[in-house]
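Here's the structure we're looking at; comments come further down.
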Amino acid sequence: MTDRRVVEGLLRLERDAVALYQGLTRQLTGRPAAAARHFLDQERRHADSLEQALASMKAPVPGAAPNRPALRGGQRALIRTAIEHELTCIRTYDQALASLKAPALLATASGVMANEAQHLAVLRQLLDEDPAPVAFVKGR
Amino acid sequence: MSPSDWNRRDFLRFAGLAVAAAGTVGFAGCGAENNAAVGVPDPRATPQRDRAILNGALTLENTAVAAYSMGLPLLRGDVRGYAQQFLDQEREHARALSALVRDMGGEPNQPKPPAEYRAAFPRLAGEADFLRFATDLENVAMNAYADGIPKLKDGRLRQTAASIFCDESQHATVLLGARSNGDPRVAVPEPFVTGRATA
């Protein structure tokens, strides 16, 4: 798969993350809401960076609308939804790191993957779960 | 040495790292930052350099094992529990990297004698000192992995290194959270983790 295709896939994922955290900031309260607001800002930065990467490849930036998740349940259920999305992100970036070729994209991808892992740690702590249960973080 | 007297540059050299341009750290002897255009693979990536990068990471993991081992007696409660868990994980990282270097025909870097680590580390008088030092150490590790992963030729090695990078990032988040009453802006300071943010 070309770097362009990989980046397009990652951009779709990040736009989904932005939509997710936009929804969560409206439904969560207290500390979880503060985390969601902060993570929303970071996911936006991820998406912006991937759009810039496509532009630097002279590739068109897709304008598709993100998948807006159904956010149901109380605080714990909503945090669990965010955890599942972060795990999906980590798995996807893990796959991307195996196939991307350009060092600049590899640097971006690994930095974002690590950030999603940090989101995961904070979200787990909000549920009183172990924030860092495994030595090799692969999104499983 | 008190934490304020600690010579960070000497420590980085001790841990097998080089201070590159703009103050970033990288594994010593593994080449300067690559600014190749997007879409262009790094022509300097070779299996030999991959092995050197992993061996550099191993030195860092050995240092982390020594640091958590020395810090544990200073800690209590939840923080001690996390430190023990992180120590166990750093040992797993070291074992995996050692096996990879050996499989690639290299000689894995060995841990130094405890007295050498003790001399290189700052004096740790209590939990607060340890949390600052451990956070700094995790930042150094993150910086080194962020620099090294794009230089790895083998995609599977990039995945392994990234999985460790993510774990070190989670360690940093937990430590920073412990120092900031769980403030996510402190615990997760960078949208692109480089290890250059400090608390």
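Looking for something within 9 Å of chain B (Cβ to nearest Cβ), open to solvent by 40 Å² or more (accessible area, probe 1.4 Å) and touching a helix residue (DSSP H, G or I) at 6+ places or on another chain (Cβ under 8 Å) - is there at least one such residue anywhere in the range A:88-98?
Scanning the range A:88-98, I find at least one residue that is within 9 Å of chain B (Cβ to nearest Cβ), open to solvent by 40 Å² or more (accessible area, probe 1.4 Å) and touching a helix residue (DSSP H, G or I) at 6+ places or on another chain (Cβ under 8 Å), so the answer is yes.
More than 11 Å from chain B (Cβ to nearest Cβ) and at positive phi: does that describe A:GLY73?
Judged against the criteria, A:GLY73 is a match.
So, of the residues in the range B:88-111 that are more than 18 Å from B:PHE165 (Cα to Cα) and in contact with a Ser or Thr (Cβ under 8 Å, 6 or more places away or on another chain), which turns out to be nearest to the other protein chains (Cβ to nearest Cβ)?
Initial filter on the range B:88-111 (more than 18 Å from B:PHE165 (Cα to Cα)): B:102-111.
Imposing the further condition that a residue be in contact with a Ser or Thr (Cβ under 8 Å, 6 or more places away or on another chain) reduces the set to B:108-109.
Numbers: B:PRO108: 17, B:ASN109: 19 Å.
Residue satisfying both the conditions and the ranking: B:PRO108.
For residues that are part of a helix (DSSP H, G or I) and either under 14 Å from A:ALA35 (Cα atoms) or within 14 Å of the chain's Cα centre (by Cα) (or both), tally how many sit in the range A:66-85.
So the answer is 10.
Name the single residue that is nearest to A:LEU126 (Cα to Cα) among those in the range A:58-82 being open to solvent by 50 Å² or more (accessible area, probe 1.4 Å) and hydrophobic (A, V, I, L, M, F, W, C).
Per the stated criteria, the residue is A:ALA70.
Of the residues that make up the range B:82-103, is at least one of a type outside the set (Phe, Trp, Tyr), at positive phi and over 15 Å from the mean Cα position of the chain (by Cα)?
In the first step, residues of the range B:82-103 are kept if they are of a type outside the set (Phe, Trp, Tyr); the result is B:83-85, B:87-103.
From the residues that got through so far, the ones that are at positive phi too are none.
No, the range B:82-103 contains no residue that is of a type outside the set (Phe, Trp, Tyr), at positive phi and over 15 Å from the mean Cα position of the chain (by Cα).
Could you check how many residues of the range B:66-109 are open to solvent by less than 50 Å² (accessible area, probe 1.4 Å) and either touching a Lys or Arg at 6+ places or on another chain (Cβ under 8 Å) or of a type in the set (A, V, I, L, M) (or both)?
Matching residues across the range B:66-109 total 15.
Of B:GLY77, B:GLY71, which residue is out of contact with any helix residue (DSSP H, G or I) (no Cβ under 6 Å at 6 or more places or on another chain), away from every other protein chain (no Cβ under 14 Å), within 30 Å of B:GLY177 (Cα to Cα) and not hydroxyl-bearing (Ser, Thr, Tyr)?
B:GLY77
Would you tally the residues in the range A:16-65 being within 19 Å of A:GLN118 (Cβ to Cβ), within 13 Å of the chain's Cα centre (by Cα), more than 8 Å from chain B (Cβ to nearest Cβ) and in contact (Cβ under 8 Å) with a residue 40 or more places away in the chain?
7
Tell me the residue from B:THR135, B:THR173 that is assigned to a helix (DSSP H, G or I), more than 7 Å from chain A (Cβ to nearest Cβ) and of a type in the set (Val, Ile, Thr), please.
It is B:THR135.
Going through the range B:138-158 one residue at a time, which ones are within 9 Å of the chain's Cα centre (by Cα) and within 10 Å of chain A (Cβ to nearest Cβ)? I'd like the intermediate steps shown before the answer.
Narrowing the range B:138-158 to residues within 9 Å of the chain's Cα centre (by Cα): B:138-145.
Result: B:MET142, B:TYR145.
Show the residue pairs that are 6+ apart or on different chains and have beta-carbon atoms under 6 Å apart, the first residue being within the range A:113-140 and more than 7 Å from chain B (Cβ to nearest Cβ), the second being charged (D, E, K, R) and open to solvent by 10 Å² or more (accessible area, probe 1.4 Å).
Within 6 Å, the pairs are A:GLY139/A:ARG91.
Can you name the residue in the range B:147-165 that is open to solvent by 20 Å² or more (accessible area, probe 1.4 Å) and touching a residue at least 40 places away in the same chain (Cβ under 8 Å) and, of all such residues, is farthest from B:SER98 (Cα to Cα)?
B:ASP147
The values are calculated or read from the model by the stated rules, or taken from the named source; none is laboratory data. Predicted model, so just to flag it, every value in this text is computed and none were measured. As a convention, Cβ positions derive from the backbone with ideal geometry for all residues, glycine included, and neighbour counts pool all protein chains shown. Note: accessible area is taken over every heavy atom of the protein model, side chains too, but ligands, DNA and RNA are not part of it. Shrake-Rupley method; radii C 1.70, N 1.55, O 1.52, S 1.80 Å.
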